[in-house]
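All remarks here apply to the structure that follows.
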Amino acid sequence: MPEPRFAICDLDGTLIDSDAALVNAFVALGVTRSEISFGHVIADECLRLGISLGDYVHAYDTEAAKPFPGVDELIGVLDDWAICSNKHVESGTAELTRLAWRPRAAMFADAFNGPKRLAPLLEALHLDPSRVVFVGDTDHDRTCAHEAGVDFALAAWNPRAVERVGDIALKHPSDLIEVLGL
């Protein structure tokens, strides 16, 4: 039987339904809902919207985002996994602690010079890209996986996620178990 594959997951929009929490922080700082978009480095989005990153982090409610249905059960099955996210490290770490999720490693926006990249995480964990699946919900996540030579699995349980040719479409978090060979 082949060795199971390793899962690296995005956080916002993939494991947790954070849309309302992300939007509410911006709205609290005076940004109009129609101006807000998803899937960006939070510092870049704050700059684009003309607000302070520090003010945004302070306004973001780390208690508000909830796991998508089935994600807690999936995390319970994964003995070894990682996070790669554009989220601010303070918010991401607080959410992982609150949820009692313990990935082997978690890299957030502060670990990258720009948008998230899988290569630093693959290197730090000594992972062979051919044995890794990156689970995400955006075009940026898809590009991130392809640039690292990693298979991309779309978190299609997020209604905002748009399937493209070549994606491994996961309709439910439990679908990842089979993809990983667990």
| said: Can you say whether Ala28 is modelled with pLDDT of 95 or more, of a type in the set (A, V, I, L, M, F, W, C) and crowded, with 21+ Cβ neighbours inside 10 Å, as far as the supplied structure shows? | reply: no
| field | Scan of the stretch 20-35 for residues that are under 22 Å from Thr138 (Cα atoms) and either of a type in the set (Phe, Trp, Tyr) or touching an Asp or Glu at 6+ places or on another chain (Cβ under 8 Å) (or both), ordered by number | value | Ala21, Leu22, Asn24, Ala25, Phe26
| query | Among (1) free of Cβ contacts under 8 Å to residues at least 60 places away in the same chain; (2) over 29 Å from Pro129 (Cα atoms); (3) surrounded by fewer than 21 Cβ atoms within 10 Å (Cβ to Cβ), which single condition is Asn113 missing? | reply | (2)
| message | Can you find, within the stretch 17-64, the residue that is nearest to Lys116 (Cα to Cα) among those that are part of a helix (DSSP H, G or I) and of a type in the set (Val, Ile, Thr)? | response | Ile42
| request: Provide a single number: the residues in the stretch 66-79 that are modelled with pLDDT of 95 or more and either in a loop (DSSP other than H, G, I, E, B) or in contact with an Asp or Glu (Cβ under 8 Å, 6 or more places away or on another chain) (or both). | output: 6
| query | If you go through the stretch 133-161 one residue at a time, how many are touching a strand residue (DSSP E or B) at 6+ places or on another chain (Cβ under 6 Å) and more than 23 Å from Glu123 (Cβ to Cβ)? | reply | 5
| query | Taking Leu176, is it in a loop (DSSP other than H, G, I, E, B), more than 30 Å from Leu47 (Cβ to Cβ) and at pLDDT 95 or above? | reply | no
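The values are calculated or read from the model by the stated rules, or taken from the named source; none is laboratory data. On a predicted model such as this, the values are computed, not experimentally measured, just so you know. So basically every Cβ, Gly included, is an ideal-geometry build from the backbone, and we count neighbours across all protein chains shown.
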